[in-house]
1. Which of the residues that make up region 16-37 are under 22 Å from the mean Cα position of the chain (by Cα) and farther than 27 Å from A307 by Cα?
2. How about region 198-216: which of its residues are touching a strand residue (DSSP E or B) at 6+ places or on another chain (Cβ under 9 Å) and either under 30 Å from D336 (Cα atoms) or part of a strand (DSSP E or B) (or both)?
3. Take the residues in region 315-326 that are part of a loop (DSSP other than H, G, I, E, B) and at pLDDT 95 or above; name whichever of them is nearest to P228 (Cα to Cα).
4. Do you know which residues across region 225-239 are touching a strand residue (DSSP E or B) at 6+ places or on another chain (Cβ under 9 Å) and more than 22 Å from L297 (Cβ to Cβ)?
5. Would you mind stating whether E130 is closer than 23 Å to N55 by Cβ, among the acidic types (D, E) and without any contact (Cβ under 8 Å) to a residue 12 or more places away in the chain?
6. So, in region 318-333, of the ones that are charged (D, E, K, R) and in contact with a strand residue (DSSP E or B) (Cβ under 9 Å, 6 or more places away or on another chain), which residue ends up surrounded by the most Cβ atoms within 10 Å (Cβ to Cβ)?
7. Being out of contact with any helix residue (DSSP H, G or I) (no Cβ under 7 Å at 6 or more places or on another chain), closer than 30 Å to I82 by Cβ and surrounded by fewer than 16 Cβ atoms within 10 Å (Cβ to Cβ) narrows it down to one of L34, L54, L64, so name that one.
8. Condition test on A335, is it farther than 16 Å from A105 by Cβ, hydrophobic (A, V, I, L, M, F, W, C) and at pLDDT below 50?
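The values are calculated or read from the model by the stated rules, or taken from the named source; none is laboratory data. Everything numeric here is computed off the predicted structure, so don't read it as measured data. Every residue, glycine as well, gets a Cβ built from its backbone with ideal geometry; the counts of neighbours run over all protein chains shown.
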Amino acid sequence: MNLLNTLVDKGLRRELPTRDEALAVLATSDDELLDVVAAAGRVRRQWFGRRVKLNYLVNLKSGLCPEDCSYCSQRLGSKAGILKYTWLKPDQAAEAAGAGVAGGAKRVCLVASGRGPTDRDVDRVSKTIEAIKEQHEGVEVCACLGLLSDGQAELLRAAGADAYNHNLNTSEATYGDITTTHTYADRVETVRHAQSAGLSACSGLIAGMGESDADLVDVVFALRELDPDSVPVNFLIPFEGTPLAEEWNLTPQRCLRILAMVRFVCPDVEVRIAGGREVHLRSMQPLALHLANSIFLGDYLTSEGQAGKADLDMIADAGFEVEGAGTVTLPEHRADAVAGGCGSRGGGCAPCGEGASETAAEARTAQAPAGTRTAQAAPGDARTDLVAVRRRGAGTDLAPNA
């Protein structure tokens, strides 16, 4: 297929595909799926070999969020039966992190619900970062605390944080349909705050919220322009008690095409399969490892993942290897940019900035046909039984499943 040959060539050169090429990946048929996976897999192996980076989530504060993000089980007014608790103490969070590190996690992601942290919250999280670093030398720590105010990213960096996560989630054009209590621009600004402070930027998306192919391409092109070092790809978990509870739009094949498109657009970036992989990829998760080079181990914020041992077995059985603590995740040119203050610091350097001439406004002039939306899964295909609310781990007396 000429399209795939072109995309592989561009991916090996770190060249941005055209918008039409990205849309064409999402439009491929199931008969072409293995060809798509094989092509994107070549790009993945060029920059990341057969390594899989493991990440582990620690939910520092669960529920009780004043924001109205439609996809979130912790949102204002959510009736989802999730765990709700206030801030974990630093020693509790460090103990929870230890379970992930013991399972092979190289990065610990500290997440707290809410619009954004107060300065007191930042001080609390700083103490938690210090406690984790003291007990687990060499582990990466990523904070995800919502919208940042001036100076807060610098305080987190000074405490030892390596990265900051704040996802764009969906396209700018449709963001107001998903959330009304803050804006898409607010999210972009927070990522820029993190980059300016010297933190490695982590920003991604949520697929399956009823968006069109054009929306997916919009947000991935926007991410490439923003130039994060890692891009988590979440697949919507339609929690009962949230406005998107009925949005079962994804099939395993659709998820693989989305991951392939992300890999082609962001060839040398850490692409992470995040929330919802067990629910939507199901038995095709091993194929996704040919596209993404990073996953979360164990449970998520408010839902249970598959057993950590099952993840490790899956990685080994698929012919991949867990990335060791002494290995630098990013390709050399991106790792050098991080160390030198370029690349992930918003400088738009060559790895993800070169050739990115299309602006968001220009991109939207080439919209897919009006009304185009994600392929709906047949009612019988929706596996609602796979959504398991988290009842263990941080905030409970039960051990996490790492």
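1. Within region 16-37, L16, P17, R19, A22, L23, V25, L26, V36 meet the criteria.
2. L199, S200, A201, C202, S203, G204, L205, I206, A207, L216 - these are the residues of region 198-216 that are touching a strand residue (DSSP E or B) at 6+ places or on another chain (Cβ under 9 Å) and either under 30 Å from D336 (Cα atoms) or part of a strand (DSSP E or B) (or both).
3. The selected residue is E323.
4. L226, D227
5. Criteria not met by E130.
6. Of region 318-333, the ones charged (D, E, K, R) are 321, 323, 332.
Next cut, in contact with a strand residue (DSSP E or B) (Cβ under 9 Å, 6 or more places away or on another chain) only: 321, 323.
Values: E321: 12, E323: 23.
Per the stated criteria, the residue is E323.
7. L64 is the lone residue from the list that is out of contact with any helix residue (DSSP H, G or I) (no Cβ under 7 Å at 6 or more places or on another chain), closer than 30 Å to I82 by Cβ and surrounded by fewer than 16 Cβ atoms within 10 Å (Cβ to Cβ).
8. On the way: farther than 16 Å from A105 by Cβ: yes; hydrophobic (A, V, I, L, M, F, W, C): yes; at pLDDT below 50: no.
For A335, the condition - farther than 16 Å from A105 by Cβ, hydrophobic (A, V, I, L, M, F, W, C) and at pLDDT below 50 - is not met.
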